[in-house]
Amino acid sequence: MKTSRVLSALLVLCPLVRAATERPLIFPLPQKMELLAEAFRLDESVTILVPESRPAAEMAIARAWVAELADDYGVALKIEPVSRVPAGRRYIVMGAGGNPLVRAESERAGLPAATAAESYVLRVTGDAVIVAGADDAGAFYGLQSLRQLVSRGQDGVSIRGVAVEDHPHLPFRAIRLYLPGRENIAFFKRFLRDFMALHKFNRVFMEVNASMRLERHPELNAGWVEFSKDLYYTQRYNPRGPNQTSQNSAHHDTADGQVLEKEEVADLVDYARRLHIEIIPEIPTLTHAYYLLTRHRPLGLIPGAEWPDTYNPTHPEVYRLVFDVLDEYIDVMKPSMVHIGHDEMFFPIELMGDTGGRDALQLYADDVRKLHGHLAAKGIKVAMYGDHLVESVRGVEKKPARSSSGWNYHMPGALSPQQVQELIPKDILVLNWFWQDIRAAEGRGEPTDTKLSGFGFPQAFINFSPYVENWGRRSTRPGVIGGSPSSWAATNEYTFGKDLMVAFLGTGNLMWSSHWPEITELHRMVQGMMPDVRRRLRGRYPPSEDGNPVAPLDLAPYLSRADFGVDLSGLEPGRLESRGRPFLVAAGGAVMVATASDGNNPRPRTAGPIPVEADVSSLIFLHATARAAANDMSYRYIHNFPDSADLLGWYDVVYEDGFVDTVPVRFGVNILPLGWARQPDPVMKGNARELSYAYEADRIDCGRESLFAYEWVNPRFGKAVKEIRLHGTTGFIDTKRKPTPDNVIILAGVSIVKQRPVP
């Protein structure tokens with residue numbers, strides 16, 4: 001990858017960006033951006049101007065902008081229809097090039113015309129804001145960049161002065177995820193509006209299973225809930241097949257194991273569409289088909305499976321069921337494309353039921369053609385996973401396997417090149433999740449892109465990550481239209497925040513921008529973006545950023561005296577400040593506790609009490625670890641998402657009435673190592689990638705080291721906090737069922753956000 005000239009200019013011309021730990025002004029990085037000297041002050045003398053005809057698209061983005069400014073910044077702007085810009089007014093105009101106001105003001109300002117699909121030109125000066133899109137989508141994306149330029153300071157709210165010319169590198173920019181559960185619908189809407197749209201994604205692959213009310217087959221809903229509860233309470237990732245053979249992952253946390261009503265699903269689709277985001281339902285067929293078979297076990301391909309995961313395409317009842325489900329989702333979601341799955345044929349060939357003499361690969365090809373024909377007749381395109389189209393990925397004809405009970409068997413391999421050419425329609429969007437060059441020994445990497453391109457398929461990289469190699473060349477290969485990072489755990493703030501921000505933001509930048517920072521720089525940028533990302537996904541400011549007084553505690557009397565074997569000489573003692581929040585780092589050490597893999601570690605595992613004696617709105621812990629720990633992906637621990645990140649310790653927040661609230665300290669969630677900024681490039685190997693970022697913490701550099709500020713919000717306003725204590729864990733067992741290694745938690749500062757004084 002190359003370091004962007006745009007990024008370099010941004011860091012040189014705007015030192016405040018580097019002081020904010022490499023947070024970019026606009027992300028994805030614009031194709032061309034110039035910083036201008038004068039900012040645009042946002043106050044209620046400003047008007048958003050629209051044509052007298054009030055075009056629907058322009059009114060939509062104007063109303064969205066008015067709502068956000070009122071809710072988030074306390075600035076109430078008005079929308080005014082005019083035939084031309086009134087003289088002497090400070091104004092905002094936004095819209096596509098056909099908008100007469102946008103066209104006139106763009107010409108007056110000498111702006112270049114945006115012409116490519118989804119492109120825009122943005123100019124912010126002291127007296128005017130102009131967003132000129134080539135089309136409605138371009139105007140919308142110009143607004144998304146504008147949203148990122150707003151800041152609130154002591155002098156009020158302003159927009160950074162810039163001149164931007166921007167357009168997407170690739171047209172298909174998706175995120176793959178599960179339908180949210182009912183309790184996470186509000187979060188998901190924020191994710192669509194304040195993350196995906198903000199960062200210029202335009203597609204969602206949404207796996208649905210039997211998580212929508214299916215009126216034609218209510219038994220599927222009942223079976224889905226039963227299946228989800230069984231796996232959740234037995235704490236299993238997936239069932240096992242006969243003879244302890246491997247079966248597909250279950251994805252039972254789709255919709256949190258619940259069932260949404262059709263109206264709820266339709267509302268999500270409509271909401272996304274208004275944000276220029278198309279939802280593509282992923283309806284697994286053939287494989288990963290547990291949801292179809294919970295109450296239709298005789299349709300399973302493998303007799304005797306506890307929970308069948310693959311259906312038998314030769315059974316006469318199969319397509320009646322499958323087409324009913326497809327059609328009911330189509331009626332509600334009205335998609336232009338359906339993702340039919342078709343990956344990971346893990347079943348044992350030796351145990352297949354009666355298939356009328358057809359082998360597994362014939363069944364696969366016939367099923368794809370049948371589903372494609374059904375959808376094509378409705379004018380709907382097809383997407384599918386492509387692993388069984390490439391022999392170097394899945395093997396020739398069949399692949400040997402061994403069950404956990406020691407039984408040897410074979411799983412289906414890939415179709416031959418001749419079968420792919422003759423049997424698989426070439427208008428299918430093939431999703432390439434075997435692009436990783438680091439797995440070249442398994443037949444993956446760039447050669448698979450070439451094979452799919454040679455077959456004539458359009459393709460998109462899925463399970464996409466910014467660790468891709470040779471992206472500049474690969475992204476211009478014929479047929480490559482974009483990509484999609486993937487979530488394989490329930491759709492909620494914790495799983496997305498903890499696991500996926502580097503993948504989401506990094507690949508979003510690869511697909512939109514042509515400026516691709518090195519991985520180390522990308523991780524620093526992502527960590528710098530976390531305060532804004534977190535606020536938007538939560539829909540609220542933390543107390544420390546909401547105009548409340550913040551005061552640091554002096555930890556000097558409570559510093560640890562034991563030898564923890566940690567070099568703190570790189571910390572610079574004294575007062576430091578981050579985003580208006582002061583901290584005080586004591587000279588001579590820190591408050592420290594050890595974490596222990598067992599009871600033999602002699603170092604202290606408790607510290608405190610540290611007196612607070614105040615009715616606080618929140619407490620901000622400025623801390624770090626001595627070394628890295630583990631932070632596994634949430635889907636490894638579906639029954640207990642939080643413990644997929646190593647629990648290193650906790651704070652006891654003790655109230656005056658004796659009640660104790662416990663604040664977990666989890667690696668990669670709210671804490672990272674002291675030397676984080678000096679770590680080598682994280683890569684997709686071993687634990688190095690776990691050093692990449694912490695969603696719930698803000699990086700603050702202190703001397704040569706990095707500290708991480710985590711804000712705990714008091715759930716008991718009006719109840720005074722007496723003191724805090726720090727504890728280290730003993731014998732925490734990670735997702736690999738191993739005790740986490742010894743470590744040290746270093747508490748370098750605590751600040752309290754006080755109750756706002758009554759005027």
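No value in this document is a laboratory result; all are computed from the given coordinates. These figures come from a predicted structure and were not determined experimentally. Cβ atoms come from the backbone with ideal geometry, glycine included; neighbour counts cover every protein chain shown.
Between the listed residues N238, P303, S560, the Cα displaced farthest toward the positive end of the dipole of the chain, a dipole computed from Cβ unit charges relative to the Cα centre, is found at S560.
Label segment 357-458 by shape, choosing from rounded, prolate and oblate, from the square roots a ≥ b ≥ c of the eigenvalues of the Cα gyration tensor; if a/c is under 1.5 it is rounded, and otherwise prolate applies when a/b is larger than b/c, oblate when it is not. Don't skip to the answer; put the middle values down first.
On the way: a/c = 2.17, a/b = 1.30, b/c = 1.67.
Note, shape of segment 357-458 comes out oblate.
Relative contact order, whole percent, for the chain stands at 12, derived from Cα pairs under 8 Å and 6 or more residues apart. Only lysines eight or more places from K189 in sequence, or on another chain, were considered; those with a Cα closer than 20 Å are K200, K262, K334, K498.
Only one residue of P609, A720, T115 has its Cα farthest out toward the positive end of the dipole of the chain, where Lys and Arg carry +1 and Asp and Glu -1 on Cβ, and that residue is T115.
Summing Cβ point charges (Lys, Arg +1; Asp, Glu -1) relative to the Cα centre of the chain gives a dipole of roughly 920 debye. In segment 32-166, Cα pairs under 8 Å separated by at least six residues give a relative contact order of 32 percent.
Which percent, nearest 5, of DSSP beta bridges in the chain are antiparallel? Show your work: numbers first, answer last.
Working: 82 of 129 bridges.
If we restrict to bridges inside the chain, about 65 percent are antiparallel.
Placing +1 at every Lys and Arg Cβ and -1 at every Asp and Glu Cβ, with all other atoms neutral, what dipole size does segment 543-754 have around its Cα centre, in debye to the nearest 20?
Numbers: 22 positive and 27 negative charges, 99 e Å.
Charge dipole of segment 543-754: 480 debye, to the nearest 20.
Please say if segment 543-754 is rounded, prolate or oblate, where rounded means a/c under 1.5 for a ≥ b ≥ c the square roots of the C-alpha gyration tensor eigenvalues, and otherwise the choice is prolate for a/b larger than b/c and oblate otherwise? Rounded shape, in that the Cα axes give a/c under 1.5. When a/c reaches 1.5 or more, the comparison of a/b and b/c decides; with that in mind, is the chain rounded, prolate or oblate per its Cα gyration tensor? Oblate shape, in that a/c is at least 1.5 and b/c is the bigger or equal ratio.
Kindly rank 746-756, 294-304, 396-406 from highest to lowest mean number of other beta carbons found within 10 Å of each residue. Present the calculation step by step, with values, prior to reporting the outcome.
Values: 746-756: 22.2, 294-304: 18.3, 396-406: 13.0.
In decreasing order of mean packing, 746-756, 294-304, 396-406 become 746-756, 294-304, 396-406.
Where the alpha-carbon atoms of segment 296-447 are placed on the principal axes, they occupy 45, 39, 26 Å, in descending order.
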